[in-house]
Amino acid sequence: MARSCADGTYFQLTDNGELSIIPGSLGLRKVLYYDKPGTYSFTKASYPWLARVRVQCQGGGGGSAGAFSDAGELIARPGAPAGAWAQSLIEVSALGTAEAVVVGKGGIGGQDNNAGGPGGTSSFGGLVSADGGDGGPANMLSGTALETARGPAGSSSGTGDIIIGGGASGASIRLSAGQCVSGRGGDSVLGRGGEERRTSGPGQPPTGYGAGAGGAVSINASPQTGQPGGSGIVIVELYG
């Protein structure tokens, strides 16, 4: 009778005497990146070797407000906050036949003196989710006197084994009719918020995923738009 020798860490003999891989013994085998806003479907049957998944969800970042000052005056907007991040390790037995994957969109930038929009929630079925950041507020009135304006805290709500809240938006300050600093966007786990600005112009864009937009500055009746927040992402690591 023929004999075989195999490492029991990775291989096993079936009842039929066939050599097979022990499910879950090979570690990370594939990574799926859902990085465009929208809804997708994850079907576990597409990966018959699957033992478990590690899922990361990053919510969308908030968009910053627009700014339109009066003649001879100034408005400096605070930044917008980032979306939350969540992670879970899930055994294949806990997965449904198909799980909906939703990638949250970044919040819209405000026009004129309107607030920015909130970022969307990113989720993996009902198992993992991370809420988006609030929109940046339009809470500084046109003027020339010293004034500060604060933005909201980052989102901290979600579902998962680990949840990390998004970074808060930076405050803005007006020193005079021509001097100011707008607020920086909040950082996310997977992105960096838009930078502040000291001259008239639109909000600065974030980088990466889920971070908040920087605040706009309007000097002497120059209309400036806010910036959209960073879109979210869902990352699914497949272990088998």
| query | Mind checking whether some residue in region 195-206 is within 11 Å of the chain's Cα centre (by Cα) and within 30 Å of Arg52 (Cβ to Cβ)? | reply | no
| When region 91-114 is examined, which residues are found to be within 10 Å of Phe42 (Cα to Cα) and among the charged types (D, E, K, R)? | Glu99
| query | Taking region 77-112 on its own, how many of its residues are acidic (Asp, Glu) and under 15 Å from Gln56 (Cβ atoms)? | reply | 1
| remark: Reported set for region 182-195 where residues are surrounded by fewer than 24 Cβ atoms within 10 Å (Cβ to Cβ) and not hydrophobic (A, V, I, L, M, F, W, C) is Asp187, Arg192, Glu195
| query | What is the residue count in region 145-173 for residues that are farther than 24 Å from Gln204 by Cα and of a type in the set (Gly, Ala, Ser)? | reply | 4
| remark: Looking across region 73-121 at residues that are part of a loop (DSSP other than H, G, I, E, B) and of a type in the set (Val, Ile, Thr), the single one that is surrounded by the fewest Cβ atoms within 10 Å (Cβ to Cβ) is Thr97
| In this structure, is Gly226 part of a loop (DSSP other than H, G, I, E, B) and either at pLDDT below 95 or under 30 Å from Val101 (Cβ atoms) (or both)? | yes
| Of all residues in region 130-171, how many are assigned to a strand (DSSP E or B) and under 24 Å from Gly72 (Cβ atoms)? | 4
| request: With the condition kept exactly as written, say whether any residue in region 172-181 is assigned to a loop (DSSP other than H, G, I, E, B) and surrounded by 24 or more Cβ atoms within 10 Å (Cβ to Cβ). | output: no
| field | Count - residues of region 201-235 that are surrounded by fewer than 21 Cβ atoms within 10 Å (Cβ to Cβ) and among the hydroxyl-bearing types (Ser, Thr, Tyr) | value | 2
| Residue count, region 29-39 (criterion: part of a strand (DSSP E or B), surrounded by fewer than 14 Cβ atoms within 10 Å (Cβ to Cβ) and under 24 Å from the mean Cα position of the chain (by Cα)) | 5
| remark: Going through region 180-195 in order, the residues found to be more than 13 Å from Ala216 (Cβ to Cβ) and either in contact with a His (Cβ under 8 Å, 6 or more places away or on another chain) or touching a residue at least 40 places away in the same chain (Cβ under 8 Å) (or both) are Gly186, Asp187, Ser188, Val189, Leu190, Gly191, Gly193
| task | Look through region 182-223, keep the residues that are β-branched (Val, Ile, Thr) and assigned to a loop (DSSP other than H, G, I, E, B), and return whichever of them is farthest from Gly72 (Cα to Cα). | result | Val189
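The values are calculated or read from the model by the stated rules, or taken from the named source; none is laboratory data. Predicted model, so just to flag it, every value in this text is computed and none were measured. With ideal geometry, Cβ positions are generated from the backbone for all residues, glycine too; neighbour counts draw on all protein chains shown.
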